[in-house]
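Q: The following block contains the structure, expressed as structure tokens.
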Amino acid sequence: MSIVMLEKVGPMQIEVHASLVYTHAIFYDFQKEVKHAICTMGVKGLTTKGVVEYDEVIDGLKDRKFLVEYNLENNNTKCACKLFERCGFVCRHIMWVWNGRKVYKIPEAYVLPRWAKKSYMPIVHDENGKVVEDYNEADIKKMEMSKVWSEIYATVGVLDITATVKQMKQLEKMLKQFRENITGPVEPKTKNKEIEDHLGITGSNEINIRLPHKAKNKGSGKR
């Protein structure tokens, strides 16, 4: 199996562009794919059908080949490994194909809002406190929610490593208090209540049990 090295300028350019559009959390994962795209990729075959080219890319790290579909008109690219569909950032195989077509910037369609820096941009106010940018309430709420999730992921990520049990309990208590301030106190559910909610019915306190029919023992009847 032959390994084809990428041009140095290609991966470096796409890596720089990724640092400008991706959040820090996803950029580090993207860098790992860049490293493998530079060092372990090769090509076995190329076929063309109209404006679509099909590359058989050899992954030296996994010792497997993956079919990458590339559209010459709009740069739409699909890989059989499905990393983009699963994780939201492009794989080493797609980067290898893009480099061969001199695509050194990540197309906008492949920068999902949940990993984009622009989703975390702060809201700009003037001296009177008025929002300068043209944001509506839904946009503002979406950006604030993105920042909240970012903090949650960052906090949970370090809990097992640095936090003590006491600190975890403090965080749990703080989150519970914050939630109850918004929704009100939540009473714990009993087992019967959970069953009623699951079935969508309400149980009755009155229980009527019918007497069973009298059974005859085997052999007691007349032949």
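Q: Stretched out fully, how many nm does the piece from residue 25 to residue 61 gain, at 0.36 nm a residue minus the Cα gap?
A: Extending this stretch completely gives an extra 10.6 nm.
Q: Further question on the same structure: What is the set of long-range amide H partners of residue 76 at a cut-off below 5 Å, with H atoms built 1.01 Å from backbone N?
A: Result for residue 76 returns 71.
Q: Pick out, from 36, 104, 20, the residue whose Cα sits farthest towards the positive end of the charge dipole of the stretch 9-115, with +1 on the Cβ of Lys and Arg and -1 on the Cβ of Asp and Glu.
A: Toward the positive end, the furthest listed residue is 36.
Q: Quick one: which residues, 5+ away or cross-chain, put their amide H under 5 Å from the amide H of residue 65? H built at 1.01 Å from N.
A: Hits under the 5 Å cutoff: 59.
Q: Pairs to check: 32/166; 44/82; 142/173; 105/141; 142/176. Give those whose C-alpha atoms are more than 24 Å from each other in this structure. Present the calculation step by step, with values, prior to reporting the outcome.
A: Working: 32/166 35 Å; 44/82 19 Å; 142/173 26 Å; 105/141 30 Å; 142/176 22 Å.
From the list (32/166; 44/82; 142/173; 105/141; 142/176), the Cα-Cα distance tops 24 Å for 32/166; 142/173; 105/141.
Q: Go ahead and run the numbers for FRET between residue 160 and residue 71, Cβ-Cβ distance against an R0 of 45 Å, rounding to 0.05. Could the numbers behind the result be given before it?
A: Working: r = 43 Å, r/R0 = 0.95.
E between residue 160 and residue 71, to the nearest 0.05, is 0.55.
Q: Does anything in the stretch 83-114 have its amide N under 14 Å from the 7 Å Cα→Cβ label point of residue 150, and if so which residues?
A: Output list for this probe position: 113-114.
Q: Let me ask something else. Rounded to the nearest 0.05, what FRET efficiency do residue 52 and residue 116 have when you use their Cβ-Cβ distance and R0 = 30 Å?
A: On the way: r = 27 Å, r/R0 = 0.91.
It comes to 0.65.
Throughout, read-outs are computed from the coordinates displayed, never taken from laboratory work. The model shown is predicted, which means the values in this text are computed figures rather than measured ones. In this analysis, Cβ positions are derived from the backbone assuming ideal geometry, glycine residues included, and neighbour counts consider all displayed protein chains.
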